[in-house]
1. Pick out which of Ala188, Ala16, Ala81 has the largest mean-square fluctuation in a Gaussian network model of the chain, springs linking Cα atoms closer than 10 Å.
2. If you build a Gaussian network model of the chain, linking Cα atoms that sit under 10 Å apart, which residue out of Ser37, Ser47, Ser99 swings the most?
3. To the nearest 0.05, how large is the calculated FRET efficiency for Arg172 and Asp135 if R₀ is 41 Å and r is the Cβ-Cβ distance?
4. Rank Val212, Phe192, Phe159 by how far each Cα sits towards the positive end of the charge dipole of the range 140-228 (+1 on Lys, Arg Cβ; -1 on Asp, Glu Cβ) and give me just the farthest.
5. Taking the number of other C-beta atoms within 10 Å as the exposure measure, put Tyr58, Tyr67, Tyr158, Tyr95 in order starting with the fewest.
6. Convert each backbone phi in the range 163-180 into a coupling constant with the Karplus relation 6.51 cos²θ - 1.76 cosθ + 1.60 (shift: θ = phi - 60°), then list the ³J(HN,Hα) values in order as whole Hz, x for Gly and Pro.
7. By how many nm would the segment from Thr8 to Trp179 lengthen if fully extended, with 0.36 nm per residue of separation less the alpha-carbon distance?
8. Given a Förster distance of 25 Å, report the FRET efficiency between Val212 and Ala163 from their Cβ-Cβ distance, rounded to the nearest 0.05.
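All of the numbers you see were taken from the coordinates with simple rules; none came from a lab. Predicted model, so just to flag it, every value in this text is computed and none were measured. As a convention, Cβ positions derive from the backbone with ideal geometry for all residues, glycine included, and neighbour counts pool all protein chains shown.
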Amino acid sequence: MLKTRIITALILAPIAIGGIFFLPPLGFALFTGAIISIGAWEWANMSGIGHPAGRIGYALLTALSLYGLLNVPFVAVLWLALFWWGICFLLVRSYPAGSDKWGSLPVRAVMGLFVLVPAWVGLNHLRTGGFQFGDSSNNLLLILYVFCVVWVADIGAYFAGRAFGKAKLAPRVSPGKSWAGVWGGLVAVGAFALVVSFLASAGAGQTLLLIVASLATGLVSVLGDLLESMLKRHRGIKDSSQLLPGHGGIMDRIDSLTAAIPVFALIITQLGWLTTGHW
């Protein structure tokens, strides 16, 4: 299994790096749209759409939704995403109670659109918007930063959870997650934000705000993970797909990012560090 995971990672890494860091904005939009569409294909299964044609149709519908949002203000979609993740918090917190209200196939399918579409919008807003923080104005580094926030939170959660993880965070949704893991992840994220602020020559005010924004992003990334775990548990599956040998599916890799990206993009837009750009 470990060998398979390593081989898959070695194949995917250059594709992901090339797509994110070496494509122009339009190419970036198409590349990320393809990833979101594959995620939608997997979400269709989590929604209860078992027929292959139905899953492909759902993925195409999601892709068309992305195209339809090209002229919609980014910030409007990001505010909707923030509201949506607030609802998700209530759903995850109450599970399995309330699952009769969202457990039907149509509702779960709509949930997927609220998860996937704002993530694409937020990511492309980060790519095309005018950005300035400290002496840094590189949008690609901005995208790398939000990815790193999620990864750092995961690493911090892993080690803190192993050392102190007795109190479970959401045992009915994801038994392996603990409150110690959450706090450990947030501590790691705060330290990471402090280091990045120093490297960007940010002032004290900007540093404090970045720490707060990063903590909020790290916290909501946990919710993204929990929501997918809840959907998979309800569906009775372990992975979103077997598309990535040793890793499960695309959604198993980006679940935390689907929540973190739109929330982070909204926060730094409201702080004035990111302005609306152009394709």
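1. Its mean-square fluctuation being the largest, the pick is Ala16.
2. So, out of Ser37, Ser47, Ser99, the one fluctuating most is Ser99.
3. Details: r = 47 Å, r/R0 = 1.14.
My answer for the efficiency is 0.30.
4. Of Val212, Phe192, Phe159, it is Phe159.
5. Numbers: Tyr58 22, Tyr67 10, Tyr158 16, Tyr95 19.
Lowest to highest Cβ neighbour count: Tyr67, Tyr158, Tyr95, Tyr58.
6. Along the range 163-180, the couplings run 7, 10, x, 8, 7, 7, 6, 8, x, 7, 10, 9, x, x, 8, 10, 5, 4 Hz.
7. Numbers: separation 171, 0.36 × 171 = 61.56 nm, distance 3.11 nm.
This chain segment gains 58.5 nm when fully extended.
8. Values: r = 26 Å, r/R0 = 1.04.
The pair Val212/Ala163 has a calculated efficiency of 0.45.
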